[in-house]
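First the structure, in the form of structure tokens, and then the observations on it.
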Amino acid sequence: MSYLPKPKLHHPKLPTNAIGLTRRDYEGAISTLCAGCGHDSISSAIIQACFNLSLPPHRIAKMSGIGCSSKTPTYFLGNAHGFNSVHGRMPSVLTGAYLANRDLVYLGVSGDGDSASIGFGQFAHSIRRGVNMCYIVENNGVYGLTKGQFSATSDWGSVAKKGAINTDQPIDLAAIAVQLGATFVARSFSGDKEQLVPLIEAALVHEGAAFIDVLSPCVAFNNHPGSTKSYDYVREHNEALNKLDIMLRRDEITVKYAPGEVTEVTQHDGTILRLRKLHEGHDPTNRASAMHHILDRKAAGEIVTGLIYVDPEPSALHEHLGTIAGPLNALGDADLNPGIDALESINAALR
């Protein structure tokens, strides 16, 4: 069975958010993934982040491709818009939807096979163009649906469940995203909801290309000794850069930290990202520093997690193109047909 609806009954006194919805209102169908799959933890984190932000589900568009990861939008935000595209093509579908209607919140969910192999070019161009989206890759380093082959993010020297050793160099999607101009780049672990939920919240409200690489162990094919994407390996090699709190403009800031422990990044819309630094010397607003730190810690055998890079003054594709403030799909015939005089003027300017 690929779809199992959840019971509609729930406790009448469940906590509600600012728009009167409960956490259950952000859920979807019952997951049919393997028990213990890290992807289910990511779905739970997305549900919690959207609930915390009081986002109306009908104002969210969730997009995915093909793979275990791309099945997960069925399991959250059942009342949101959704589109399950073909393998590797989620970014172009999301780009088209965003160009047509900029008023929705766009959430792209993909996997390491979907984004780092067949969809690598699509991933790259959506990032460099600055599509306003939260792009989450559920990265398990393996092709789970086709029984455990190495993916493009599998680390060199890692051992497959059947004993094969990977001899290819891995693609680091977070490093690529920083290099291509993403204005928000983070990495987290599906087993660390305390870190992951605020990262997703921050990415959802970020006005630009926001990318999160989430290491998500595959319990069926990549959670054994020798794997570098297993629960035990990631926990032992996790180097967290910071702990994140997100303060929306409507929230009273009550959290206190000792001087010198906190970096605050105020985004152009007034949202404050408050980072409790765990690693000295890393500046999350410096792109070159972010690239250096990823590569430096990788050489030391560590996995950098947390907010790696953020641009406090981001811009997105609609701003680059100079389009109108409203959604293009709401334009009428009179708006789309400016008349013969206006067309003659445009043609004359291009001669």
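The values are calculated or read from the model by the stated rules, or taken from the named source; none is laboratory data. Quantities reported herein were computed from a predicted structural model and do not represent experimental measurements. Heads up, the Cβs are rebuilt from the backbone with ideal geometry, glycines too, and the neighbour counts pull from every protein chain shown. SASA here: full protein model, heavy atoms, side chains in, ligands and nucleic acids out. Shrake-Rupley method; radii C 1.70, N 1.55, O 1.52, S 1.80 Å.
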Sites SER345 and ILE30, calculated FRET efficiency, Cβ-Cβ separation with R0 41 Å, nearest 0.05:
0.10
Pseudo-spin-label distance THR285 to ARG128, built 7 Å along Cα→Cβ, given in nm, is 2.7
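With the cut-off at 16 Å, report for segment 278-334 the share of all Cα pairs above it, as a whole percent. Present the calculation step by step, with values, prior to reporting the outcome.
On the way: 952 of 1596 pairs.
Cα-Cα pairs of segment 278-334 separated by over 16 Å account for 60 percent.
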Phi-based couplings in Hz for segment 128-145 (Karplus 6.51, -1.76, 1.60; Gly and Pro marked x):
5, 7, x, 5, 6, 7, 9, 9, 10, 9, 8, 9, 10, x, 7, 8, x, 5
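Among bridges DSSP assigns within the chain, what percent are antiparallel (round to 5)?
For the chain, the DSSP antiparallel bridge percentage is about 40.
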Using a ≥ b ≥ c from the Cα gyration tensor of segment 77-178 (square roots of the eigenvalues), is it rounded, prolate or oblate, where a/c under 1.5 gives rounded and otherwise the larger of a/b and b/c decides, a/b for prolate?
prolate
Packing rank of 327-337, 150-160, where each peptide gets the mean count of other beta carbons within 10 Å, highest leading
150-160, 327-337
Honestly segment 1-125 on the Cα gyration tensor test (a ≥ b ≥ c root eigenvalues; a/c under 1.5 rounded, otherwise a/b vs b/c for prolate or oblate) is just oblate
Scan around GLU27 for amide H atoms under 5 Å from its own, H built in the peptide plane at 1.01 Å from N, and keep only partners 5 or more places away or cross-chain.
LEU77, GLY78
Low-density loop GluC sites (Glu not before Pro), segment 154-210, at most 14 other Cβ within 10 Å, DSSP non-H/G/I/E/B, are none
Would you mind computing, in nm to one decimal, how far apart the modelled labels at GLN149 and GLU264 are, each placed 7 Å from Cα along Cα→Cβ?
5.1
Can you list residues whose amide H is under 5 Å from ALA220's amide H, if they're 5+ apart or on another chain and H is modeled 1.01 Å from N?
none
For a quick check of understanding: with a 1.4 angstrom probe and all protein chains in place, what accessible area in square angstrom does ARG89 have, to the nearest ten?
90
Would you kindly find the accessible area of LYS193, with a 1.4 Å probe and non-protein molecules such as ligands, DNA and RNA excluded, rounding to the nearest 10 Å²?
90
So how exposed is THR167, as accessible area in Å² (1.4 Å probe, rounded to 10)?
100
Segment 107-141 to segment 293-351: how many Å between their Cα centroids?
17
Out of residues 5 or more away from VAL142 or on other chains, whose amide H comes under 5 Å of its own, with H placed 1.01 Å from N in the peptide plane?
SER151
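Which of the three applies to the chain, rounded, prolate or oblate, going by the alpha-carbon gyration tensor with a ≥ b ≥ c and a/c under 1.5 meaning rounded? Please report the intermediate quantities before stating the final value.
Details: a/c = 1.35, a/b = 1.33, b/c = 1.01.
Taking the square roots of the gyration eigenvalues as a ≥ b ≥ c, the chain is rounded.
Using only the heavy atoms of the protein chains and a 1.4 Å probe, how would LEU350, LEU173 rank by accessible area, largest first?
LEU350, LEU173
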Tilt of helix 340-350 relative to the longest C-alpha principal axis of the chain, in degrees (0 to 90, nearest 10)?
60
Can you give me the distance in nm between label points at ILE165 and ASN329, each placed 7 Å from the Cα along the Cα-to-Cβ direction?
5.2
Tell me the mean residue ellipticity at 222 nm calculated for the chain from its helices only (DSSP H runs of n ≥ 4, each -39500 (n - 2.57), averaged over every residue, nearest 500).
-8500 deg cm²/dmol
Inter-part distance where segment 4-79 and segment 148-212 are each reduced to a Cα centre, Å
21
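Kindly state, to the nearest 0.05, the FRET efficiency for ASN17 paired with LYS298, given R0 = 41 Å and r defined as their beta-carbon distance. Mind showing how you got there, number by number?
Working: r = 39 Å, r/R0 = 0.94.
Working from the Cβ atoms, E equals 0.60.
Suppose accessible area is computed on protein heavy atoms with a 1.4 Å probe; arrange CYS50, CYS34 from highest to lowest. Kindly include the intermediate steps, with their values, before the conclusion.
Numbers: CYS50 0, CYS34 75 Å².
Largest to smallest exposure gives the sequence CYS34, CYS50.
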By how many degrees, 0 to 90 and rounded to 10, does the Cα axis of helix 193-205 deviate from the longest principal axis of the chain?
10
For helix 90-100, report the angle its Cα long axis makes with the longest principal axis of the Cα atoms of the chain; keep it between 0 and 90° and round to the nearest 10°.
30
